[in-house]
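Here is the structure we will look at, set down as structure tokens.
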Amino acid sequence: MSTSPSRRDFLKASAALGGGFALEFSFPLASWAADGASAAEVNAWIVIHPDDRVVIRIARSEMGQGTYTALAQLVAEELDCDWAMVSAEFASPNEHVRRQRVWGSMSTGGSMGVRSSQDYVRRAGASARQMLIEAAALRWQVPASECRAANGVVLHEPTDRTLRYGQLASDAARLSPPAEVKLRDARDWKIAGRSLARLDIPDKVLGKPVFGVDVMLPGMLHASIAQCPVFGGTITRIDASAAEAMRGVSKVVREESFVAVVADSWWRANEALKKVVIEWDTGSHGDASNETITAMLRAGLADPDLPQARTLGNTGAALANAAQVIEAEYQSPYLNHATMEPQTCTAWFRPDGFLEVWTSTQNGEASMAAAAAAAGLPLEQVEVHKMMLGGGFGRRGGPQDFVTQGVTIARALPGVPVKLMWSREEDMQHGFYRPASIVTMKAGLDAQGKLVALHTRIACPSILKVLMPGALKGGIDFTAVRAFNDMPYVVANQQVDYALRNGHVPVGFWRAPGQQNSFYRESFVDELAAAAGQDPLAYRLALLKPDDKNRLVLEAVAKAAAWGAPLPQGVYRGLAIADGFGSFTAMVAEVSVGAQGQLRVQRIVVAIDSGYVVNPDNCRAQAESNVVYGLGSILYQANNVKDGRIVESNFHNFRIPRLHEMPKVETVLVPSGGFWGGHGEPAILPLAAAVCNAISAATGKRIRSLPLARHDLRAG
Amino acid sequence: MLQLTVNGRAVAIDVEPEMPLLWALRDHLKLSGTKYGCGISVCGSCTVLIDGEPVRSCVLPVSDAVGRNVVTIEGLARDGMHRVQKAWIEHQVPQCGYCQTGMMMAAVALLAKHPQPTDVQIDAAMTNLCRCGTYARVRTAIHALAKQPVGKTAGHA
């Protein structure tokens, strides 16, 4: 199948041409002649130009995690092309639907971008390579078995002939794909497995318009939005007369739960929005507060009839017979994602009835579905242009609220492209928050101090109930019970009870959903080691099976951090492990606590076994990323609820760590092969426990709730 | 009409004098490299150079930029890339990249003032917020730049 360069190529090219002023996308599309009409789509993933440029289509989104480059590396590895000739582009959600979902999943979350598409993208590369070889063999009239491909060239060694991929691509595109292909052993990788420079970085350092908020279209207007400050509330009455008279304002759009002002610049829209008088009906949640939410969770913990997420042995009897019983309660607050780029969506109802949408999304297909639903159009009449995300962390995947709103607003101005961008205040107060939770753990130790029984009760709002209710199983949300229902420690008696209690605050997938459970469990294990009078490392090793991969990373991190060796004066260590998102992770944190209680996280050593590593430098970058993202939640962040609304409104009261707080991060990659794990989230899992275990070593204080800003770490 | 000098070019725009420079740049001059992050001068995503000084353009009335030399990421290099941009690629600094244009503008200003900055000077100057965790690489890239001889291709900065 032959194809001309895609519309997206053209958009990118025309955007790049501007180089400064008047960077506008150009419409309509005239012809492809200038870009070589004979570029060939060898298969859905691979387009090869006559000049040997290879364009690899990427179905997942890029939010900084590096999947855009890593997936291209995997395709290029099996294609065996010249990496210097490779560029990437996002696959079109509209084409995806029209071509029977040829690109697999577009969902980008759960650290699955690479691990859950590696097989089919590598097969696409290998299949295309085989088709190029066959095309060369046909051209030369020789058996394909006498030909081989390497670095973008097919060779026929018996006659010393070569043909470049660019010379073969249109022939190859007409062939049938091979019935089966053999994938390379990772030991033979030449392009995958290397720290190649990321494909998306040059445009980003040049400040090119790659993000959702950067979309510029001829005649485009800007929208700012105000949603009911109390979740679930609606509008009773508005007076927009003052706003409508303001300079540049085109329209005030009133919907059931929001008001948007559309103007010729975002600032004018936002200034006018401040002048709209809005009366809200806050519904039945106007009295909700931290206290009511805590009471709701506590009532869940007190429920005698909770469903069990795990039952092993007889936990009640084992606790009754234990030599020592230790109990503790831990808790965490709601947390906003606070992506640096606020939620955004540009929508344009074209005169021909087609809807085009540009947005920063973790799931292009879900964005298209949301847009089609809001527009009342069939999917085939909607296109979503996937832009680079200014951060995602789970905010822009399941919830597509910003797309629904953007399309709804643009529908009021048919023919006019409208770019909706949320203010930071809207973004902070209308998130899908990391659930607040309370967990109690009751452990039984035998006479030697070994953990023999663990009863965990978890009260936590369900993310699945909000975003994927069909995925709830028997009243259990796996994201709320992980780290306990799949605990690697060998403990004969385990019971995990889950109280699904959702208040009115929307909850969502926040980087490594369920990560708060790793904080609880791994902090509590240190409490148990202390009660047993044992070293935290030895205590954990004794609870792990001999062949458990958790043991391998634990040993690797202990070695890298020289666990047990003397530290500089005033520096203390903490340890934690976590398996999740396909990988095994162990971490040592080194901290100091000053006389005034000021915490300094000095150094983080993290060992990760993800089976395979596609781009080592990017995996290290993700570990650094998880550390900083997690550190903010450990040190400062909480979203409090008062009068039914989120109290925090901007970065002045939802504090993000700054450069001077960044610890030294040393990442030890120990890929053991045989499985594919992720990197976008694993390193955040053990962080809070490692840091708080180190604080305990430093101060004797056991931290059972976060953030640390609520605690006094001074001695005494 | 307000007369501005942006990236070495004289431009006239018809906007309210109190409009923050950020929005004059983004929506009226179509220079989208400068980013909105908070609107209250906390995050630094909107950092531009005005007469060589780093300024958070989300709170600066555009009228205050009249008669001064404004440089945005798009004007950092006359041709190709500024050495800070090259270092950002060399050290693979950006992740999502959203805050990085502001981060680089702050780094350009820091290096102009302190060609060999100490860690303390880096800590004090680089207060831009990054959610992805690029801080360690920002520091590494700045230290690497400090070791380079400074050429005469530093653009308008």
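Throughout, read-outs are computed from the coordinates displayed, never taken from laboratory work. Bear in mind the structure is a predicted one, so any value in this text is a computation, not a measurement. Here Cβ is always computed from backbone atoms with ideal geometry, including for glycine, and neighbour counts include all displayed protein chains.
Assuming R0 = 41 Å, what is the FRET efficiency of residue A:672 and residue A:161, from their Cβ-Cβ distance, to the nearest 0.05? Mind showing how you got there, number by number?
Details: r = 42 Å, r/R0 = 1.03.
So the FRET efficiency works out to roughly 0.45.
Per-residue packing, averaged as other Cβ atoms within 10 Å, sorts the ranges A:171-178, A:129-136 into the order A:129-136, A:171-178, beginning with the highest. Relative contact order for chain B: 26 percent, from Cα pairs under 8 Å spaced at least 6 residues apart, divided by residue count. Among the residues of B:34-46, the average count of other protein chain beta-carbon atoms within 10 Å of the residue beta-carbon is 6.
Each peptide in B:4-10, B:36-42 was scored by the mean count of other Cβ atoms within 10 Å over its residues; highest first, the order is B:36-42, B:4-10. For the stretch B:2-75, the equivalent ellipsoid derived from the Cα gyration tensor has semi-axes of 16, 13, 11 Å, listed largest first. Taking Cα centre as origin and charging only the Cβ of basic (Lys, Arg, +1) and acidic (Asp, Glu, -1) residues, the dipole magnitude of the protein assembly as shown rounds to 980 debye. Note on the stretch A:352-509: dipole from Cβ charges, positive end direction compared against A:376, A:431, A:403; the farthest Cα belongs to A:431.
Where does each of A:438-449, B:91-102 land if you order them by average Cβ count within 10 Å, highest first? Could you put the intermediate results ahead of the total?
Numbers: A:438-449: 19.0, B:91-102: 28.6.
By packing density, highest mean first, the sequence is B:91-102, A:438-449.
What is the local net charge at residue A:195, summed over the other residues whose Cβ is closer than 11 Å to its Cβ (Lys, Arg +1; Asp, Glu -1)? Present the calculation step by step, with values, prior to reporting the outcome.
Working: positive: A:194, A:198, A:620; negative: A:617.
Local charge sum for residue A:195: +2.
With unit charges on the beta carbons (Lys and Arg positive, Asp and Glu negative) and the dipole taken about the Cα centre of chain A, which residue among A:342, A:67, A:325 sits farthest to the positive side? Working it through, the farthest residue towards the positive pole turns out to be A:325. Length available on full extension from residue A:239 to residue A:119: 0.36 nm per residue minus the Cα-Cα distance, which gives 37.6 nm.
Computed from label points 7 Å out along Cα-Cβ, the spacing between residue A:302 and residue B:40 is 3.7 nm. If R0 is 60 Å, the Cβ-Cβ spacing of residue A:290 and residue A:138 corresponds to a FRET efficiency of close to 0.25. The mean count of C-beta atoms from other chains within 10 Å of the C-beta of residues in B:96-108, rounded to a whole number, is 6. Using the Cβ of residue B:53 as centre and a radius below 10 Å, the other residues enclosed give a net charge of +1, where K and R count +1 and D and E count -1.
Sort chain A into rounded, prolate or oblate with this rule: let a ≥ b ≥ c be the square roots of the eigenvalues of the Cα gyration tensor; rounded if a/c is under 1.5, and if a/c is not under 1.5, prolate when a/b is larger than b/c, oblate otherwise. Each step should come with its number before you reach the end.
Numbers: a/c = 2.07, a/b = 1.22, b/c = 1.70.
It is oblate, given that a/c is not under 1.5 and a/b is not larger than b/c.
Counting helices only, and only those DSSP H runs with n ≥ 4, report the 222 nm mean residue ellipticity of chain A as the sum of -39,500 (n - 2.57) divided by its residues, in deg cm²/dmol to the nearest 500.
On the way: 20 runs with 209 residues, N = 716.
Value at 222 nm, helices only, nearest 500: -8500 deg cm²/dmol.
Please give me the summed charge of the neighbours of residue A:640: other residues whose Cβ is under 14 Å from its Cβ, Lys and Arg +1, Asp and Glu -1. Don't skip to the end; give the middle numbers.
On the way: positive: A:434, A:642, A:645, A:655, A:710; negative: A:291, A:643, A:648.
Charge balance near residue A:640 sits at +2.
Residue by residue along A:241-251, Cβ atoms of other protein chains within 10 Å of the local Cβ number 1 on average.
Between the alpha-carbon centres of the stretch A:110-164 and the stretch A:223-261 there is a gap of 57 Å.
In terms of the Cα gyration tensor, with a ≥ b ≥ c the square roots of its eigenvalues, is the stretch A:198-322 rounded because a/c is under 1.5, prolate because a/b exceeds b/c, or oblate? Before the final figure, lay out the partial values.
Working: a/c = 4.84, a/b = 1.73, b/c = 2.80.
Since a/c reaches 1.5 but b/c is at least a/b, the shape of the stretch A:198-322 is classed as oblate.
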